[in-house]
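Accompanying notes for the structure given below.
The values are calculated or read from the model by the stated rules, or taken from the named source; none is laboratory data. What you are looking at is a predicted structure, and each value in this text was computed from that prediction instead of being measured. Ideal geometry is used to build each Cβ from the backbone, glycine not excepted, and the neighbour counts take in all protein chains shown. Each accessible area value is taken on the protein alone, full model and side chains, heavy atoms only, with ligands, DNA and RNA left out. Shrake-Rupley method; radii C 1.70, N 1.55, O 1.52, S 1.80 Å.
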Amino acid sequence: MPDEARRSLADALAQADDASRRRAISAVAATWPTFCEAWAELGAATPDPVEAYAYYRVGYHRGLDQLRGAGWRGSGYVRAIHPENRGFLASLRGLGRAAERIGETGEAERCAEFARQLDP
């Protein structure tokens with residue numbers, strides 16, 4: 001992801017009030033739609049659990065696409081020690097929390113298990 005995207009996200013997260021922060025993070029996600037960290041932060045910034053679920057799911061699927069494009073075939077570690085994996089992992093964990101909040105217990109459990117398998 002370009003440094004500009006990371007700087008823009010940092011600036012968005014520094015916004016003083018919640019509404020401005022959400023709008024700024026949303027603008028980052030719209031500008032760089034494959035930037036998983038922006039989707040994860042957007043999920044974390046919204047109080048509505050269904051909306052958060054949707055944002056985390058986008059980040060999760062964008063991350064899967066990127067991992068597969070890099071040669072990952074669905075098994076093996078995806079470690080948070082590598083900065084390029086952090087947005088995907090944050091989206092996966094956020095998706096699990098959001099799923100729990102909306103009563104999707106099975107999905108919440110699957111997300112938690114998948115996260116443990118990827119980065120124990």
Expressed in angstrom and rounded, the centroid-to-centroid distance over alpha carbons for region 56-85 and region 25-40 is 16
Given the candidates 92, 42, 9, the one whose Cα lies deepest towards the positive end of the charge dipole of the chain, counting +1 at each Lys or Arg C-beta and -1 at each Asp or Glu C-beta, is 92
Dividing the helical contributions, -39500 (n - 2.57) per DSSP H run of n ≥ 4, by the residues of the chain yields a 222 nm value, nearest 500 deg cm²/dmol, of -24000 deg cm²/dmol
Across 95, 64, 42, the residue with the highest GNM fluctuation in the chain (Cα network, 10 Å cutoff) is 64
A 1.4 Å probe over the protein heavy atoms gives the chain a carbon and sulfur accessible-area percentage of 50
Candidates 49, 83, 33; GNM for the chain (alpha-carbon contacts under 10 Å) flags as most fluctuating 83
Length gained if residue 34 through residue 20 is fully extended, taking 0.36 nm per residue and subtracting the Cα-Cα distance, is 2.9 nm
For region 92-108, in residue order, the Karplus 3J(HN,Hα) values (coefficients 6.51, -1.76, 1.60; θ = phi - 60°; whole Hz; Gly and Pro = x) are 4, 5, x, 4, x, 5, 5, 4, 4, 5, 9, x, 8, 4, x, 5, 4
Gyration tensor on Cα atoms of region 1-61, a ≥ b ≥ c root eigenvalues, a/c under 1.5 rounded, else prolate if a/b beats b/c, else oblate, says oblate
Expected max-MSF residue from 14, 90, 29 in the GNM of the chain (alpha carbon, under 10 Å) is 14
